[in-house]
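Q: Input: one structure, supplied below.
The values are calculated or read from the model by the stated rules, or taken from the named source; none is laboratory data. Note that the structure is a prediction, hence the values are computed from the model and not measured. Positions of Cβ are backbone-derived with ideal geometry, glycine not excepted, and every protein chain shown enters the neighbour counts. Just the protein is used for accessible areas: all its heavy atoms, side chains included, with ligands, DNA and RNA removed. Shrake-Rupley method; radii C 1.70, N 1.55, O 1.52, S 1.80 Å.
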Amino acid sequence: MVTENVEVFYGDSRAIKGISLDIRENEVIAFIGPSGCGKSTFLRSLNRMNDTIQGCRVTGRITLDDEDIYDPSLDVVLLRARIGMVFQKPNPFPKSIYDNVAYGARLHGLAKSRHDLDDIVEDSLRKAGLWEEVRDRLQQPGTGLSGGQQQRLCIARAIAVSPEVILMDEPCSALDPIATARIEELINELSTQYTIAIVTHSMQQAARVSHRTAYFHLGELIEVNDTEKVFTNPDHDLTEAYITGRFG
Ligand SMILES: Nc1ncnc2c1ncn2[C@@H]1O[C@H](COP(=O)(O)OP(=O)(O)OP(=O)(O)O)[C@@H](O)[C@H]1O
């Protein structure tokens, strides 16, 4: 995915200022920075989730495989299958575990038969590291799972429609350390097949899961570099101040 001079406005207020960023295939890129610097706003612009916010406007250009994702003729539902999203708070549908994962595949007609659909559900749950825990209770409600399991269910739901990119907005912030470690492990596993952009408040988490880290400050992208470099020898003073805890 490539973003060129992206700006995001809420009414007259500019929350994102001229961000140009190349997100590489099969990388995990972490977005970090102080609260309110625009990480979530920028992340949401990458699959047009901001469209759902009244008064929010995006300018500049964002492409996926050279295709402008803001092209008015583009099917946004299809786009959000190609660029899936996992939110801060796990948000399974009030449906069975099976139907949560099958939902997108049904919507997009990805399965020719019930057998196909069963395969998609099993494969997605396996990739999300949840199959063994739920294989005997697929018809039970997704909302009955633990928080960490629900988040893995949401990841399975995103995977089921074969996305190219998965956006994650603080996916572990509602989870305990064990469930967090499980999701981080999963991000590492998924990165062999998917491109992942993750917003996180935890520098340790960014360091553990990402290949590159982008540091945001007051709506600007200050620096993007290999994660190890950002945390050991950043190019910019503002990045250094943040990672050493001088502000944020
Ligand atoms: N729906 C909205 N309406 C108006 N302004 C908004 C909206 N969402 C975010 N903003 C503003 O845009 C700016 C960036 O917010 P955003 O939530 O993207 O930052 P963030 O870096 O993700 O913050 P945090 O780390 O606290 O989640 C902030 O000034 C915020 O107040």
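Q: Take residues that are farther than 27 Å from residue 240 by Cα and within 12 Å of the ligand (Cβ to nearest atom) and tell me which of the strands (runs of 3 or more DSSP E) falling wholly in the stretch 1-83 contain 2 or more.
A: The strands (runs of 3 or more DSSP E) meeting that bar are 2-10, 56-64.
Q: Check off (1) within 20 Å of the chain's Cα centre (by Cα); (2) under 25 Å from residue 17 (Cβ atoms); (3) modelled with pLDDT of 95 or more for residue 55 and give me the number that stays unchecked.
A: Result: residue 55 passes all but (1).
Q: Picking from 43, 79, 21, which residue would you name as being under 30 Å from residue 118 (Cβ atoms) and of a type in the set (A, V, I, L, M)? Break it down stepwise before answering.
A: Working: 43 fails: under 30 Å from residue 118 (Cβ atoms); 21 fails: under 30 Å from residue 118 (Cβ atoms).
Answer to the check: 79.
Residues are listed down the side, and each one gets a yes or a no for (1) of a type in the set (A, V, I, L, M); (2) loosely packed, with under 14 Cβ neighbours inside 10 Å; (3) over 27 Å from residue 105 (Cα atoms):
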position	(1), (2), (3)
13	no, yes, yes
19	yes, no, yes
33	no, no, yes
37	no, no, yes
43	yes, no, no
77	yes, yes, no
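Q: Spot the failing condition for residue 184; the list is (1) touching a residue at least 24 places away in the same chain (Cβ under 8 Å); (2) open to solvent by 30 Å² or more (accessible area, probe 1.4 Å), and only one is missed.
A: For residue 184, the exception is condition (2).
Q: Tally the residues that are open to solvent by 50 Å² or more (accessible area, probe 1.4 Å) and either part of a loop (DSSP other than H, G, I, E, B) or within 13 Å of the ligand (Cβ to nearest atom) (or both), restricting the search to the stretch 204-230.
A: So the count comes out to 3.
Q: Using beta carbons and a limit of 6 Å, which pairs, at least six apart or on different chains, have the first residue in the stretch 156-174 and closer than 19 Å to residue 27 by Cβ and the second one away from the ligand (no atom under 16 Å from the Cβ) and assigned to a loop (DSSP other than H, G, I, E, B)?
A: From residues that are closer than 19 Å to residue 27 by Cβ, the pairs are 166/194.
Q: Now, a different point. For the stretch 119-155, enumerate the residues that are free of Cβ contacts under 8 Å to residues at least 60 places away in the same chain, surrounded by fewer than 24 Cβ atoms within 10 Å (Cβ to Cβ) and part of a loop (DSSP other than H, G, I, E, B).
A: Matches in the stretch 119-155: 135, 136, 137, 138, 139, 140, 145, 146.
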